[in-house]
1. When the solvent-accessible surface of protein heavy atoms is calculated with a 1.4 angstrom probe, in what order do Val73, Val99 fall, highest first?
2. Could you work out how much longer the chain between Phe87 and Thr69 gets when fully extended? Use 0.36 nm per residue separation minus the Cα distance between them, nm to one decimal.
3. Residue separation times 0.36 nm, minus the C-alpha to C-alpha distance between Ile97 and Leu51: what's the value?
4. Just to verify a number: what accessible area does Lys44 come out at with the full protein assembly present, 1.4 Å probe, Å² rounded to tens?
5. Can you pull the accessible area of Met123 for me, 1.4 Å probe, Å² to the nearest 10?
Amino acid sequence: TCALPICSHLGHAMSQQYVPQVSPAKPAVSGDAQAMMMFEANKKSMAVAYLLWFFFGMWGGHRFYNGKTGSAVAQLLLTIFGILLLFVFGLGLLLLIPVWIWMIVDAFLIPGWIRIQNSLLAMQLGGR
């Protein structure tokens, strides 16, 4: 323990916690800045879409990412049944070849999907 008067004063000051005062009337950021932050947090990435297309294209990964759930499920089921039927007289190729063609077509459609989704997001956030 310290016998000096300053020590007792410091101990008392250190025991009290500092609580910052925040004014609830003033927002921390402007509405435009908030909309930009929301856009950046929720926008779709072309790079992510193409990575999903490259690694999980047969299973519809890029379509799930772009919100095309119905056709993604169809692509997934065609791939699963195609792989399973591949061992039965090669019948699986009748399902897998159309999926491969579908994937090639999707490679050209991805930029439009991303552009449309990001434009819709920007319009939704701009109208707040």
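1. Working: Val73 60, Val99 0 Å².
So the residues, ranked largest to smallest area, are Val73, Val99.
2. Full-extension gain reported as 3.7 nm.
3. On the way: separation 46, 0.36 × 46 = 16.56 nm, distance 2.09 nm.
Residue separation times 0.36 nm, minus the Cα-Cα distance, leaves 14.5 nm.
4. Surface accessible to solvent at Lys44 totals approximately 60 Å².
5. 130 Å²
The values are calculated or read from the model by the stated rules, or taken from the named source; none is laboratory data. Keep in mind that this is a model prediction, so the values were computed, not measured. These area figures cover heavy atoms from the full protein model, side chains too; ligands, DNA and RNA do not enter into them. Shrake-Rupley method; radii C 1.70, N 1.55, O 1.52, S 1.80 Å.
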